[in-house]
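The values are calculated or read from the model by the stated rules, or taken from the named source; none is laboratory data. The model shown is predicted, which means the values in this text are computed figures rather than measured ones. FYI the Cβ positions are ideal-geometry reconstructions off the backbone, even for glycines, and counts take in every protein chain you see.
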Amino acid sequence: MKISKLISLIRVIIDWLWDLAKTFKFTAVVVGIMALAFIGISVLIGMPPFGFVVIIGFVAAPTAWYIVRAQRKSTSTVSKLTNVRLLTVIFAATLGTMVAIQAIPYGRSHSNPPITGEPQWATPRTRELMVRACFGCHSNEVKYPSYASVAPISWVVQSHVDEGRQAVNYSEFDKGQRRAKNTVIAVTSGFMPPSYYTQFGRHPEAKLTKAEMAELIAGLKATPGLSRG
């Protein structure tokens, strides 16, 4: 498809959506609020990109099909579009999407690969604090919470674990973790543990006190391979 045709198609879709929004203002407001809430919460908890595509697509597809079908049968009084019918379809599509996405396998394995080697921790206390603050994503000892079995939360949790292990995995330290030298910087800057990890009262064990944070930083600086000093 040529770029010009694609642009024309996009314009047609935008015009169609705009006409719908003007005709069904109440529905447009409700959908707008739902969309903003979904996007805001998803960004806050770190929804992986494919999650947006799947959920929005699953909700939009049957809704668009219903609207097009109803518009083609506009001569029939029964088939005319109304705010109530549109919202009913949207809510039904949303509920159906929440049920359907449970079949997507990503985020359900909850696997922990073998531990092949850890840093030579300065003290047992250093490791204890690291386990509390960082092993939830940066190790092969991840303890998945019960809600991590329900999509799309399961996608969020698994995405964080995958990204964490890819950045640095303290359970596979023998395999050469190049970014491990940024550990002290990440902790002192407040980047690790990330704010989303302890939001809404989750993982309270990872919320270290100032004294514990100072103790952890001192231990990390004394542990080989975890600082640039």
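Observations, loosely collected:
- Failed item in (1) under 18 Å from the mean Cα position of the chain (by Cα); (2) at pLDDT below 90; (3) surrounded by fewer than 16 Cβ atoms within 10 Å (Cβ to Cβ), with Ser149 passing the rest: (2)
- Test: residue in region 190-204 that is assigned to a loop (DSSP other than H, G, I, E, B), in contact (Cβ under 8 Å) with a residue 40 or more places away in the chain and more than 21 Å from Leu44 (Cβ to Cβ): no
- Filtered residue count, region 205-229, keeping only those that are part of a helix (DSSP H, G or I), surrounded by 14 or more Cβ atoms within 10 Å (Cβ to Cβ) and of a type outside the set (A, V, I, L, M): 4
- Set Met34, Met47: member being outside any helix (DSSP H, G or I) and under 30 Å from Ser159 (Cα atoms): Met47
- Residue within region 2-24 that is under 28 Å from the mean Cα position of the chain (by Cα), surrounded by 14 or more Cβ atoms within 10 Å (Cβ to Cβ) and touching a residue at least 24 places away in the same chain (Cβ under 8 Å) present: no
- Considering residues of region 89-116 that are among the small types (Gly, Ala, Ser) and loosely packed, with under 12 Cβ neighbours inside 10 Å only, the residue nearest to Tyr66 (Cα to Cα): Ala103
- Each residue in region 195-212 was checked for being within 22 Å of the chain's Cα centre (by Cα) and of a type in the set (D, E, K, R), and 3 of them qualify.
- Helices (runs of 4 or more DSSP H) contained in region 78-182 and holding at least 2 residues outside the structural domain of Thr23 (by TED's automatic domain parsing): 124-133, 153-167
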